[in-house]
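Novice: Following this message is one structure expressed as structure tokens.
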Ligand code: ADP
């Protein structure tokens, strides 16, 4: 479990203002909000890359009390723009095992890399260089590297960017399955409200650096969407799911 307590962050201007929430084990939380509302900044604070005011607690210990290596065994962060470079897919995923390595990779490290490659169906690409991949393939590799870290908390920044509709659904299903089966807390930003509504256990809507609404998909209603994004939409409810369409 991860607890965010009175979290505030400013670059020069304030961006996040007194956020409070928890992510339970096995729970998938989507953070929604317009461009510039501070979603990436929040993930970077939780990942320990930025130093916010307030506290981020894992297992009731402050993030600041963990060494970088110990933190990397608990939290994995997949940024929007993945690494490029000349390593093979296999080697990039193996980098996810770095926090566990002594002098070099162990049999267990290789075993986990193979396991993750098969989980994400990346066998065909395993020995391709990552600079030769499509955006969607690269995104999967970055998620694979994060999973190889065997984290308790997985932070994803727009994981469906660059993916076609089949891959979007495949990745979100997989993320939810991994959260459930491995009891990982997933905190992910998301632009697509419809996709968020399909795969979220909980949604946080952010506006002007504050949590405007938090809850199940019922918070994706006309009023909240208008208040947060400034657009008129029609929200249709079907079989416990919601479909959001532009208004008029
Ligand atoms: P989102 O992910 O919701 O689009 P961001 O967290 O990227 O929002 O940005 C929130 C605000 O912080 C924006 O106004 C952005 O311009 C600003 N910002 C982001 N990164 C930096 C930075 N490194 N230095 C200064 N301001 C930044």
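Any read-out appearing in this document is the output of simple, stated calculations on the displayed coordinates, not a laboratory observation. Just so you know, these numbers come straight off a predicted model, no measurement behind them. Cβ coordinates were reconstructed from backbone atoms using ideal geometry, including for glycine residues, and neighbour counts include every protein chain displayed.
Novice: Can you give the Rg/Rh ratio of the stretch 62-130, where Rg is from the C-alpha atoms and Rh is the Kirkwood radius?
Specialist: Computed over Cα atoms, the ratio is 1.00.
Novice: Per DSSP helix of 4 or more residues, -39500 (n - 2.57); summed, then divided by the residues of the chain. What does that give at 222 nm, rounded to the nearest 500? Each step should come with its number before you reach the end.
Specialist: Details: 8 runs with 80 residues, N = 248.
One gets -9500 deg cm²/dmol as the mean residue ellipticity at 222 nm.
Novice: Taking Cα atoms of the stretch 19-147, Rg/Rh with Kirkwood Rh, to two decimals?
Specialist: Looking at the stretch 19-147, the ratio lands at 0.99.
Novice: Go from 0 up to the bin containing the longest alpha carbon distance in the stretch 97-228, width 5 Å each, and give me the % of pairs per bin.
Specialist: 2, 9, 17, 20, 18, 14, 9, 6, 4, 1, 0, 0
Novice: Based on the alpha-carbon gyration tensor of the stretch 85-171 and its eigenvalue square roots a ≥ b ≥ c, which shape applies: rounded if a/c is under 1.5, prolate if not and a/b is larger than b/c, or oblate? Before the final figure, lay out the partial values.
Specialist: On the way: a/c = 1.94, a/b = 1.47, b/c = 1.32.
Prolate.
Novice: Give me the number: length gained by fully extending residue 65 to residue 108, i.e. 0.36 nm times residue separation minus the C-alpha to C-alpha distance, one decimal in nm. Can you show the working numbers first?
Specialist: Values: separation 43, 0.36 × 43 = 15.48 nm, distance 2.73 nm.
Separation in residues times 0.36 nm, less the Cα-Cα distance, equals 12.7 nm.
Novice: Convex hull over the Cα atoms of the stretch 12-86, averaged projected area in nm²? Numbers along the way, then the final one.
Specialist: Working: hull surface 27.5 nm².
The number I arrive at for the stretch 12-86 is 6.9 nm².
Novice: Looking at the square roots a ≥ b ≥ c of the eigenvalues of the Cα gyration tensor of the stretch 203-247, which shape do they give, rounded for a/c under 1.5, prolate if a/b is larger than b/c, or oblate?
Specialist: Details: a/c = 3.47, a/b = 1.36, b/c = 2.55.
Taking the square roots of the gyration eigenvalues as a ≥ b ≥ c, the stretch 203-247 is oblate.
Novice: Have a look at the DSSP beta bridges in the chain and tell me what percent are antiparallel, nearest 5. The partial results should precede the final answer.
Specialist: Working: 25 of 41 bridges.
That works out to approximately 60 percent antiparallel.
Novice: On the principal axes of its Cα set, how long, how wide and how thick is the chain? Give whole Å, largest value first.
Specialist: Principal-axis extents of the chain (Cα, largest first): 56, 40, 33 Å.
Novice: Just to confirm my numbers, what's the Cα centroid distance between the stretch 14-60 and the stretch 113-178 in Å?
Specialist: Taking the Cα centre of each part, the stretch 14-60 and the stretch 113-178 sit 22 Å apart.
Novice: Continuing with this model, one more query. Looking at the square roots a ≥ b ≥ c of the eigenvalues of the Cα gyration tensor of the stretch 173-248, which shape do they give, rounded for a/c under 1.5, prolate if a/b is larger than b/c, or oblate? All intermediate terms of the calculation are to be shown ahead of the outcome.
Specialist: Numbers: a/c = 2.49, a/b = 1.49, b/c = 1.67.
Oblate.
Novice: Give the calculated FRET efficiency between residue 248 and residue 167 to the nearest 0.05, with a Förster radius of 41 Å applied to their Cβ-Cβ distance.
Specialist: FRET efficiency, residue 248 to residue 167: 0.80.
Novice: Here's another thing I want to ask about it. Could you give the alpha-carbon Rg of the stretch 125-201 over 2.2 N^0.38 Å, rounded to two decimals?
Specialist: Values: Rg = 12.5 Å, N = 77, 2.2 N^0.38 = 11.5 Å.
It is 1.09.
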